[in-house]
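Here is the structure we will look at, set down as structure tokens.
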Number of protein chains: 2
Amino acid sequence: MLKYRTLSRSCHIFHPKSLSNNTLKSETTQELLQTVGFVRRSQVGLFQWLPLGLRSLNKVSNAIRNRMDSDGGAIEVSLSAISSKALWQATDRWNNSELFKLKDSKGKQYCLTATCEEDITDLMKNYIASYKDMPITIYQMTRKYRDEIRPRGGILRGREFLMKDAYSFASNEEDAFASFQKLDDTYNKIFKDLKIPFVSAWADSGDIGGEFSKEFHLIHESGEDTLMSCKHCGDISTLDMSQSYPEKDGQYSGDVDCKYALTKDHSTLICFYYPKDRQLNWNLALNAMDKDIDLTLRNKPNDHVLQVYEKDNEDIMFSKILRVMDCRLNSKSNFPDFPLKKYLKNNFGQISDVSIVDAQENEICGKCEEGRLEPLKSIEVGHIFLLGNKYSKPLNVKFVDKENKNETFVHMGCYGIGVSRLVGAIAELGRDSNGFRWPAIMAPYKVSICTGPNNPENSQRLQDVKSKLLNDPTMQNLQNDILDQFNEKLGIGARIKLSHAMGIPLCVIVGSKSWPNVEIEIRGIRWGEKDLWRKQFEKKCSELQWKCTKNEHGIEKHTVPIQHLVEVIGVLLKDM
Amino acid sequence: MLKYRTLSRSCHIFHPKSLSNNTLKSETTQELLQTVGFVRRSQVGLFQWLPLGLRSLNKVSNAIRNRMDSDGGAIEVSLSAISSKALWQATDRWNNSELFKLKDSKGKQYCLTATCEEDITDLMKNYIASYKDMPITIYQMTRKYRDEIRPRGGILRGREFLMKDAYSFASNEEDAFASFQKLDDTYNKIFKDLKIPFVSAWADSGDIGGEFSKEFHLIHESGEDTLMSCKHCGDISTLDMSQSYPEKDGQYSGDVDCKYALTKDHSTLICFYYPKDRQLNWNLALNAMDKDIDLTLRNKPNDHVLQVYEKDNEDIMFSKILRVMDCRLNSKSNFPDFPLKKYLKNNFGQISDVSIVDAQENEICGKCEEGRLEPLKSIEVGHIFLLGNKYSKPLNVKFVDKENKNETFVHMGCYGIGVSRLVGAIAELGRDSNGFRWPAIMAPYKVSICTGPNNPENSQRLQDVKSKLLNDPTMQNLQNDILDQFNEKLGIGARIKLSHAMGIPLCVIVGSKSWPNVEIEIRGIRWGEKDLWRKQFEKKCSELQWKCTKNEHGIEKHTVPIQHLVEVIGVLLKDM
């Protein structure tokens, strides 16, 4: 049996002595995390985890760890937060402006790890010798650092954050993909364990690079990301990856924008034409060009691209030009002037019927070509990448294969969850005008017990309820999960309010009037199956003298005699 | 019941494929930690924790955490590793050359926390308002950073290390001292839980400053520290704090060294005289002077001290001079020339009969004045300080007291354990020519099961033993503590050798010859009561058909039929 972890009476000094309805309503979620006592901001983008927040952070960490071990078959390690300049130079990432850099007293340069591809690859190089040593997946749960220029959104985007980062190593593409899929499954299970609504979406692999990637998002209006979802085929993609078609092609006759690009060999000028009120989507542009675009010129102005084109081609007269027209345009659209004065019509090519702009609400889904797209605001909390040899090649990680050759680079994948960010995201998700609402698995406490003033009668009742909960063999997982210590000045109403604000799923109210019945107020959200408890309720309510009512503020209330409390709490916690 | 945490087969890639006796004997303990797969050094003074090492590190962390919660009544938080220049300037510690410093993209300066007095004081300032909010003790278990110029000794002295640091806050001196004593008790319990020999010693409070302090040491010949212990009175002090007397005063007639100092008001020149072959001890010197020494001049040469003295006193003729003579000297000793040419004999004072040099072996203990002192080499693993207002004053942390006044600064204490250092120290402590020997509470696994080649018969026997251990209700604490996955190429002998090298306390050997008897080889050390198991053995050996032998390499061996294995393992683990 687990030992009951004594709650220090003093913990309550971190909690507010009073909480006005106005505070609860008007503060942003990230401000309220500080007010209620989860975290405190010490400097811009840097946070101190207070007892309440640390409990939730540790619980999420453990939930993730359990799945990484049991389903991901991954092995936990813990790398240093200080990485070397040489490694980041080898992978060409040293010049990233978001790296925190430092020197030691001898002038040697380091960075704080923003992610650990370099370090883990360098580590595994020492242990992977043969194809027999793979597939293998390694993970850690450590703090990472990013010098965000404008850190915002509290723990959603701190400059120091807790990250679960995993890395897979395989000897061939199939195994690498199998590892990717295994971690994809594991991530799905992790977010299901949290009982929160989430989606996964194919995504651009961005700066980490590599072959393809998938993001995990919590849908919430406060999110900075936009996903496009098709109700017909169920596809959900990030805006970067979402392809859409207009109701009918060639309906746009307004002004046209143009963006120049070059093929990788610089032999061909590519002119992307698209409606002026839309945004060019580089992933769609890449697909239209079969990936043959020099992306280093992506953010250069058109003039610069033209100069490079003219410089790299001896006789522009004979050089190739390709026009890529978004399918929304027609010949009556108002095209900009063509920049080159001399060119041969024979060298002109054209691709049309492609969609190369960011999708918009209500356009046709590019996957099924039937459903309509719906934009969803979301918060990204996880990202998995199939990396190929992006890191193993510059860091030269090879292995002896079945043919006893030592020529192939290891195939990698990487898999991140922003653990502290996840706490911030779930705070947003459950937030209402009474405070937070956490899933039971990560709530700082699962149950609070609120009583009236400190007198012998109330203390006795509190003890009775507590010992019922702690001594029941089916309730072992409550051993360390009951909040019953409050500032003694708080009346029963203020304690209930604070418990609700903290987001504790169940609040057991021990009042003198109702005793030996107790009341349970529900803050936990039933995101998934909402009827699990109701079926039990209908079956057992008369046997257990269990009543359920709703009060005027929309908070579900239950009453039950003390002798049946344990059983009812067990049922109620199951679907939260 | 706890879920059985699946051990990944792949874990063994971090372990050596072979281990020569020579490696086991000749490598330093810190090298062997890398060879066997506990840690890997990524850069000078920086370490990556591999699965084996991380298990031990986490176990020690949890053992400490349990005591901090239950006995220390302390509250866990987790602060940022990035601290602000302003805070460290306020306490005059910014110029410490061991601080890792960094700038963000806006040029703002930070340091990585080497310890957290500044940050925790700044945090608690927001929550401590009244004397009623105290006493309170806060702790965290986070990585700390020190830019050691010559990091050495592996994880014993890394530039990044895991530290448990606690801080107490009290409204008066008595409460502050009570907190200090409570933590002293807690530390004693922590080290007793680890079942390792340790001592605590009064110590100099050094750079952290404050009123007084105590160190916790593991006695080991490889240690960099020296303690002086008196067998008569049991006193153990650090060399800095140890007072000793010679067998008989005034026996030294050789050359005399002299060190000058000034009183705090610079009115008096102090001349410390002591034998040339001994080391002046500033703590003893301070005691001899009732603390009236300007310590800022401590490391200045005599000439400089004289210049300051002459500058700050109008007429040297009339200024005061105090001679402090170590009790070992006599008038025949060879004193250096007195530096001042003019002085009045009336202004001359003298203190003799004091001991002001570092203690030496076999001198008389200064505490009891009876026993002889014995030097002990040791490794410091914990340090507790009573700080007074050293940090609360510069950071201005006051509180409203019982008289409703807001004038007093908070009284603080701080309490550190180098958690990763402790792993390194215990590695040294248990190290022998077969590898490591860990206390069961922090061994990476408590039990290993070694079998012969992978064939159906061996697999079946392995399963039998495992399910016996895992399904026994008294063995719940073994759920996640059995190592049975080895590189399949390793024979049974190599597996046993590796298990011993890893320091797993019990190695269960499942051989085809002895079956259904199994053998248990013991690596765990019985530091404390060595007879606990023997009493049980004598009582039960015939009932359980339990035999105990010693083999030629000094490794204790037991045999027992498989049906009694669980009970015997339970007995054996109790005193390790």
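The values are calculated or read from the model by the stated rules, or taken from the named source; none is laboratory data. Worth saying up front: this structure is predicted, and the values here are computed from it rather than measured. Note that we place each Cβ from the backbone using ideal geometry, even for glycine, and neighbour counts take in every protein chain shown. Only protein heavy atoms, including side chains, enter the accessible area calculation; ligands, DNA and RNA are left aside. Shrake-Rupley method; radii C 1.70, N 1.55, O 1.52, S 1.80 Å.
Full extension of the chain between B:Glu407 and B:Glu27 gives 131.0 nm of extra length, using 0.36 nm per residue less the Cα-Cα distance.
Would you work out what percent of the accessible area of the protein assembly as shown, with all protein chains in place, is carbon or sulfur (probe 1.4 Å)? Spell out each step's value before the answer.
Values: 22820 of 50180 Å².
Answer for the protein assembly as shown: carbon and sulfur cover 45 percent of the accessible area.
Per-residue Karplus couplings for segment B:441-448, computed as 6.51 cos²θ - 1.76 cosθ + 1.60 with θ equal to phi - 60°, are listed in order as 5, 10, 5, x, 9, 7, 9, 10 Hz, Gly and Pro entered as x. Viscosity 1.567 mPa s, temperature 4 °C: what is the translational diffusion coefficient of segment B:445-574 from Stokes-Einstein with a Kirkwood Rh over Cα pairs, rounded to a whole number of µm²/s? Value of D from the Cα-based Kirkwood radius: 87 µm²/s.
Would you mind checking A:Lys125/A:Lys405; A:Lys248/A:Lys345; A:Lys398/B:Lys17 for any pair whose Cα atoms are more than 22 angstrom apart?
A:Lys248/A:Lys345
When DSSP beta bridges are restricted to pairs lying wholly in the protein assembly as shown, around 80% turn out antiparallel.
Ordered from largest to smallest accessible area (heavy atoms of protein chains, 1.4 Å probe), the residues B:Asp249, A:Asp290 come out as A:Asp290, B:Asp249. Length, then width, then depth: along the principal axes, the Cα atoms of the protein assembly as shown run 115, 80, 74 Å.
With all distinct Cα pairs included, what does the Kirkwood hydrodynamic radius of segment A:356-421 come out to in Å, to one decimal, could you say? Display every interim value, and only then the final one.
On the way: mean 1/r = 0.0622 Å⁻¹.
That comes to 16.1 Å for segment A:356-421.
Pairs of alpha carbons in segment B:132-174 separated by more than 15 Å make up 57% of all such pairs.
Remark: the protein assembly as shown carries a charge dipole of roughly 1320 debye about the Cα centre, counting +1 on each Lys and Arg Cβ and -1 on each Asp and Glu Cβ. In chain A, Cα pairs under 8 Å separated by at least six residues give a relative contact order of 16 percent. Excluding same-chain neighbours fewer than eight residues apart, the aspartates and glutamates reachable from A:Lys367 by a Cα-Cα span under 19 Å are A:Asp204, A:Glu215, A:Asp235, A:Asp240, A:Glu247, A:Asp249, A:Asp290, A:Asp326, A:Asp353, A:Asp358.
Placing a label point 7 Å from the Cα of B:Ser352 along the Cα-to-Cβ direction, the distances to the matching points in the other copies come to 11.4 nm, shortest first.
Each DSSP beta bridge with both residues in segment B:445-574 is either parallel or antiparallel, and the antiparallel ones are about 65%. Against the criterion of solvent-accessible heavy-atom surface with a 1.4 angstrom probe, A:Leu87, B:Leu295 sort, most first, into B:Leu295, A:Leu87.
Computed with a 1.4 Å probe on the full set of protein chains, the accessible area for A:Thr142 sits at about 10 Å². Shown in residue order for segment B:317-324 are the 3J(HN,Hα) couplings computed by the Karplus curve 6.51 cos²θ - 1.76 cosθ + 1.60 at θ = phi - 60°: 3, 9, 7, 8, 10, 10, 9, 10 Hz (x for Gly and Pro). Take the accessible area of B alone and of A alone, subtract that of the pair with a 1.4 Å probe, and the total buried over both chains is about 5300 Å². Each copy carries a label point for B:Ala178 at 7 Å from Cα toward Cβ; from one copy, the others' points are 6.4 nm away, ordered from shortest. For the peptide A:117-123, the mean number of other protein chain Cβ atoms found within 10 angstrom of a residue's Cβ is 2.
Comparing A:Val44, A:Thr268, A:Phe216 along the charge dipole axis of chain A, the residue lying farthest to the positive side is A:Val44, per the Cβ-charge model.
In peptide A:45-55, what is the residue-averaged number of other protein chain Cβ atoms found within 10 Å of each Cβ?
Details: counts 3, 8, 3, 11, 7, 8, 5, 1, 2, 5, 1.
Mean partner shielding for this stretch: 5.
The H on the amide N of B:Val518, modeled in the peptide plane, is under 5 Å from the matching H of B:Val560, B:Ile562, each at least 5 residues off or on a different chain. Accessible area per residue for the protein assembly as shown, computed on protein heavy atoms with a 1.4 Å probe, is 44 Å².
Can you pull a Stokes-Einstein diffusion coefficient for segment A:289-329 at 25 °C (0.890 mPa s), Rh from Kirkwood over Cα pairs, as a whole number of µm²/s?
For the chosen part, D equals 203 µm²/s.
Please report, largest first and rounded to whole Å, the three semi-axes of the ellipsoid equivalent to segment A:1-158, where each semi-axis is the square root of five times an eigenvalue of the C-alpha gyration tensor. Could the numbers behind the result be given before it?
On the way: eigenvalues 257, 115, 39 Å².
Value: 36, 24, 14 Å, ordered largest first.
Take A:Thr559, push a point 7 Å out from Cα through the beta-carbon direction, and compare it with the same point in every other copy: 7.1 nm, smallest first.
Go through the cysteines of chain A and tell me which have no other cysteine Cβ under 4.7 Å away. Flagged as lacking a Cys partner: A:Cys11, A:Cys111, A:Cys116, A:Cys258, A:Cys271, A:Cys327, A:Cys414, A:Cys450, A:Cys507, A:Cys541, A:Cys548. Take the Cα radius of gyration of segment B:256-387 and divide it by 2.2 N^0.38 Å, N being the number of residues; the result is 1.19. The rule of thumb for compact globular proteins, 2.2 N^0.38 Å, goes into the C-alpha radius of gyration of chain A 1.17 times.
Per DSSP H run of n ≥ 4, the term is -39500 (n - 2.57); total these for chain B, divide by its residue number, and report the mean residue ellipticity at 222 nm rounded to 500 deg cm²/dmol.
Working: 13 runs with 149 residues, N = 576.
It lands at -8000 deg cm²/dmol.
On the rotation that sends chain B to chain A, the chain B Cβ lying closest to the axis gives residue and distance in whole Å as B:Leu102, 2.
What number does segment B:197-271 give for Rg over Rh if you use C-alpha atoms and the Kirkwood radius?
On the way: Rg = 16.7 Å, Rh = 15.6 Å.
Radius of gyration relative to Kirkwood radius: 1.07.
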